[in-house]
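The structure appears below as structure tokens.
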Amino acid sequence: MRACRRKSKNSVKDIIGLEDASMSNEKDWDNFKQKLFVKSTINLNDYKPNQMQRRIGNLMTRHGATSYMAFFDMIDRNPKLYKDFIDFLTINVTEFFRTPEKFDELEKRVIPDLLGKSSKLSIWSAGCSIGAEPYSIAMILSELTPNTRHRILASDLDVEILGKAKKGVYTVNELKNMPSARLNKYFRHSDGNYYLNDEIKSRVEFQRHNLLLDKFDSGFDLILCRNVVIYFTEEAKDALYRRFFAALKPGGVLFVGGTEAILNFRDMGFQSYLPFFYRKP
């Protein structure tokens, strides 16, 4: 009986200890989110907490941080580490003509349909990363309508990555889906890198923009937001897609990533157009 009572007391202590540790970790996480928002305007409350904590936790382990706030102190003092952290957080992985079969539909069906309604298009690549997506669009339009200057807006949260996009210098891996004819037409190969020509670069307007916080322009014929929302909460994604709907002109199209089908698109007002393409009536 005594042994049982001692075991019970230890179990209660263990439970209390676990609860205290959990509360401490939660407070540490909340403080980290608040500090990061002040520094970067990134609101981690809009991201799936388990996935974010796991990803950030892996980065913390690499740098020997034992708490979220200890890690925040590291990135706050070290500009290089802060840049690496933002790159890590914003998932800057992309390539030209990513998912070639969908870009084929875009080039041969979606854009010609849009050009049938308006001779000058307004297009937004939301979460453009290194610029591969908006430059791919610029190439398509320069061939379909060589004498027309369409508006191609490309935005991203990460200022450093926008700087890379504006330079237009790429590795062979980022161009792996590029047809050889276009590669030779639009790029100069030197020192192991590929340099995009100035004419295509001049067709794209880059802008820093927080999709979850900043105001949207309107009147777009086409919005591309692909492989951006993977870690967003369902609430954040729903709100974002509704804002995209409002930013499109009637007949405009939203193009999303291959793992980002919008199941409740009708509730938002969209019509199904093609797989992963949604049209505003």
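Where a number appears in this text, it was derived from the coordinates with a stated rule and is not lab data. Since this is a predicted model, take the numbers as computed values, not measurements. Cβ coordinates were reconstructed from backbone atoms using ideal geometry, including for glycine residues, and neighbour counts include every protein chain displayed.
For region 128-245, calculate the relative contact order in percent as a whole number, restricting contacts to Cα pairs under 8 Å that are 6 or more residues apart. It would help to have the intermediate numbers written out before the result.
Numbers: 109 pairs, mean separation 34.6, N = 118.
Once divided by the residue count of region 128-245, the mean separation gives 29 percent.
Rounded to whole Hz and in sequence order, give me ³J(HN,Hα) for region 109-117 from the Karplus expression 6.51 cos²θ - 1.76 cosθ + 1.60, θ = phi - 60°, writing x for Gly and Pro.
My calculation for region 109-117 gives 10, 5, 5, x, 4, 5, 5, x, 9 Hz in order.
Amide H of Phe232 versus every other amide H placed in the peptide plane: which residues, excluding those fewer than 5 positions away on the same chain, fall under 5 Å?
Lys48
Let me spell out the model: positive unit charges on the Cβ of Lys and Arg, negative unit charges on the Cβ of Asp and Glu, origin at the Cα centre of region 137-276. What dipole size does that give, in debye rounded to 20?
That gives a dipole near 400 debye.
So how tilted is helix 234-247 from the main axis of the chain? Cα-based, degrees 0 to 90, rounded to 10.
So the helix axis and the longest Cα principal axis differ by about 20 degrees.
Cβ neighbours within 10 Å, averaged per peptide: list 191-198, 69-76 in order, most packed at the top. Don't skip to the answer; put the middle values down first.
Working: 191-198: 13.1, 69-76: 17.4.
Taking the mean over residues of other Cβ atoms within 10 Å, the ranking is 69-76, 191-198.
Check which residues have an amide H placed less than 5 Å from Ala154's amide H, if you skip close sequence neighbours.
Residues meeting the criterion, in which the H sits 1.01 Å from N, are Ser125, Glu205, Phe206, Gln207.
I want to verify a result. In a Gaussian network model of the chain, Cα cutoff 10 Å, which of these has the top mean-square fluctuation: Phe245, Phe32, Phe206?
Ranking Phe245, Phe32, Phe206 by mean-square fluctuation puts Phe32 first.
For region 179-186, in order, what is each residue's ³J(HN,Hα) by Karplus, 6.51 cos²θ - 1.76 cosθ + 1.60 with θ = phi - 60°, in whole Hz (x at glycine and Pro)?
Karplus values, whole Hz, x for Gly and Pro: x, 4, 4, 6, 4, 6, 6, 10.
Tell me, what is the percent relative contact order of the chain, built from C-alpha pairs under 8 Å that lie six or more residues apart?
Numbers: 360 pairs, mean separation 44.9, N = 281.
Worked out over the chain, it gives 16 percent.
Among (1) 1.09; (2) 0.94; (3) 1.03, only one was calculated for this model; which label is it, if the read-out is Rg/Rh (Cα atoms, Kirkwood Rh)?
(1)
Note the angle between two axes, namely the Cα long axis of helix 132-144 and the longest principal axis of the Cα atoms of the chain, as a number of degrees from 0 to 90, rounded to the nearest 10.
On a 0 to 90 degree scale, this one is about 20.
Roughly what % antiparallel, to the nearest 5, for the DSSP beta bridges in region 100-279? Could you put the intermediate results ahead of the total?
On the way: 12 of 30 bridges.
The antiparallel fraction comes to roughly 40 percent.
Want the number for Leu263 to Glu234: 0.36 nm per residue separation, take away the alpha-carbon distance, what's left?
Details: separation 29, 0.36 × 29 = 10.44 nm, distance 1.13 nm.
Roughly 9.3 nm would be gained on extension.
In sequence order, what are the phi-derived ³J(HN,Hα) couplings for region 72-87 according to the Karplus relation 6.51 cos²θ - 1.76 cosθ + 1.60 with θ = phi - 60°, rounded to whole Hz, with x for glycine and proline?
Residue by residue, region 72-87 yields 4, 4, 5, 6, 6, 8, 10, x, 5, 5, 4, 4, 4, 5, 5, 4 Hz.
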